[in-house]
Every structure is written in C-alpha cells, then in structure tokens.
Amino acid sequence: MDTRGRGDGFGAMEEKRLDREPAADDVRTMHHRHSFPVRLLFAGLGTLFVLLGVLGIFLPVLPTTPFLLLAAACYARSSRRIYHWLLHHPHFGPLLREWREHRSMPYRAKRKALLLIALSFGVSIAFFVPGWLAKLAMGVGGTLLAAWIARIPSRDAPRRP
C-alpha cells in the first residue's frame with residue numbers, strides 16, 4: 001500500500017494511507033512536520049480563532065464557523081491534543097467533523113451566516129464606511145463572501161418539491 005503523505009488541509013502526517021482521509025482518532029498518530037517556533041505561531045493563531053469563534057456565538061457580527069475551521073487547521077499543525085479536543089468538543093466538534101468528512105455546512109448555520117453577512121455589511125456600508133469607493137469595495141467583498149458561503153453544500157437542506 002502506498003503511504004506517501006499528502007496535504008489535506010487538516011494536518012501533516014508523515015505516513016498515511018492515500019486511499020482514505022484520516023479518522024478523527026488518527027490524530028494521535030500524527031507527526032509534526034513544523035519546527036517549534038512555527039508550531040507556536042499556529043497554536044497562537046488557533047487560540048485567537050477559537051476566541052473569535054466563541055465570541056461569534058454571542059455577537060451577531062462575527063461568524064463562528066469560519067473561525068473554528070481556521071482554528072482546527074492551525075491546531076492540526078501545532079497541537080495534536082488540542083486538535084483532538086476541538087474535533088470531539090460537544091458544540092464545536094459536529095460542525096468541524098461535518099466540514100472535514102463531507103465538506104458541507106449545516107443548513108441552519110449557513111442561513112444564519114448569510115443573514116448576518118447581509119446585516120453587518122449592509123449596516124457598515126450604510127452608516128460607518130466613508131466614501132463611495134470604500135462602500136463599493138466592501139459591497140463587492142460581502143457579495144463574494146456570501147456567494148462563497150452559499151455555494152457550500154448542506155447535507156441537511158430541505159428538499160425542493
């Protein structure tokens with residue numbers, strides 16, 4: 001069997017099977033390929049993204065899902081223990097595993113994210129961003145972000161008749 005490593009966006013394993021994605025329990029057998037300072041940087045970024053994700057639960061302007069995905073990617077490169085904890089967390093784990101295993105996003109989370117993007121970008125453009133060029137750039141950025149999120153599949157989306 002071929003065991004050459006490949007980058008999957010969720011961590012570096014020096015040896016893993018090419019015919020399947022690693023299971024969540026395979027995290028304990030991962031080997032770090034980054035030096036200690038780089039792992040420390042990834043751990044710091046992962047912590048920042050977790051904090052922003054937790055704030056996103058309570059603040060409607062911050063999206064939780066993207067920050068948790070970024071945190072998981074950072075921890076996969078820095079700390080097997082924290083990455084494993086995040087994947088098995090009762091609140092964050094299902095969302096992260098859904099993305100990792102199916103590259104999809106829960107329908108309810110997607111709807112909430114799109115609504116909050118529209119509200120936060122709309123309010124920012126209308127009341128806080130000066131100048132038409134900055135408003136246009138922010139509007140284009142918000143539209144692109146919303147289009148990207150809308151294209152992410154949802155396995156639990158209601159079926160159309």
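The values are calculated or read from the model by the stated rules, or taken from the named source; none is laboratory data. What you see is a predicted model, and the numbers here were worked out from it, not measured in a lab. Glycine gets a Cβ as well: all are built from the backbone with ideal geometry, and neighbour counts include every protein chain shown.
Annotations for the structure displayed:
- Positions within segment 118-127 being of a type in the set (Phe, Trp, Tyr) and either under 13 Å from GLY142 (Cβ atoms) or at pLDDT below 90 (or both), in sequence order: PHE121
- Among residues of segment 44-63 that are free of Cβ contacts under 8 Å to residues at least 40 places away in the same chain, those with a beta-carbon under 8 Å from a residue that is buried (at least 19 other Cβ atoms within 10 Å of the Cβ) and in a loop (DSSP other than H, G, I, E, B) at least six positions away or on a different chain give the pairs GLY46/SER78; GLY46/SER79; GLY53/PHE92; GLY56/PRO63.
- Within segment 56-84, restricting attention to residues that are in contact with a helix residue (DSSP H, G or I) (Cβ under 7 Å, 6 or more places away or on another chain) and basic (Lys, Arg), the residue that is surrounded by the fewest Cβ atoms within 10 Å (Cβ to Cβ) is ARG80.
- Neighbours by Cβ (under 8 Å, 6+ apart or cross-chain): first from segment 66-79, within 17 Å of ILE117 (Cβ to Cβ); second β-branched (Val, Ile, Thr): PHE67/VAL50; LEU68/VAL50
- Selection of segment 80-92 for residues being in contact (Cβ under 8 Å) with a residue 12 or more places away in the chain, in a helix (DSSP H, G or I) and among the aromatic types (Phe, Trp, Tyr) yields only TYR83.
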